[in-house]
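The values are calculated or read from the model by the stated rules, or taken from the named source; none is laboratory data. Owing to the predicted nature of the structure, the values given are computational and were not obtained by experimental measurement. With ideal geometry, Cβ positions are generated from the backbone for all residues, glycine too; neighbour counts draw on all protein chains shown. Accessible surface areas use protein heavy atoms only, side chains included; no ligands, DNA or RNA. Shrake-Rupley method; radii C 1.70, N 1.55, O 1.52, S 1.80 Å.
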Amino acid sequence: PSPRSCQPPGANEEALHYEIEELKQKNLALDQEIAQLLSEGYSLEELEKHISLLHEYNDIKDAGQMLLGKLAVIRGVTTRQLYPEYDLELSD
């Protein structure tokens, strides 16, 4: 039997209701955070630009991590062992 068939009737609906409530709370928290930033003098355009730059940074960082991983495999070492060679901190 599938895991879904083992659940009591209404359990899936309950789980969905709980997830919806969690998302509503996250949405409210984000709205409050945006309102706080706006009250501090930031504009929506600045916030959108900042978010865009963070996405770009994360994409570049992911690509760098992937390249380090491939290089580590080629050299037969861990990525951690490559960090000093490229003047990287483990927190990078």
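Out of region 29-58, which residues are aromatic (F, W, Y) and in a loop (DSSP other than H, G, I, E, B)?
Residue satisfying the conditions is Y42 alone.
Being over 30 Å from L90 (Cβ atoms) and either open to solvent by 70 Å² or more (accessible area, probe 1.4 Å) or of a type outside the set (D, E) (or both) narrows it down to one residue among Q32, Q65; which is it?
Q32
So, S91, is that one open to solvent by less than 80 Å² (accessible area, probe 1.4 Å) and among the hydroxyl-bearing types (S, T, Y) or not?
Working: open to solvent by less than 80 Å² (accessible area, probe 1.4 Å): no; among the hydroxyl-bearing types (S, T, Y): yes.
Spelling it out, it is not the case that S91 is open to solvent by less than 80 Å² (accessible area, probe 1.4 Å) and among the hydroxyl-bearing types (S, T, Y).
Take region 2-28 and flag every residue that is open to solvent by 80 Å² or more (accessible area, probe 1.4 Å), part of a helix (DSSP H, G or I) and at pLDDT below 85.
P3, R4, C6
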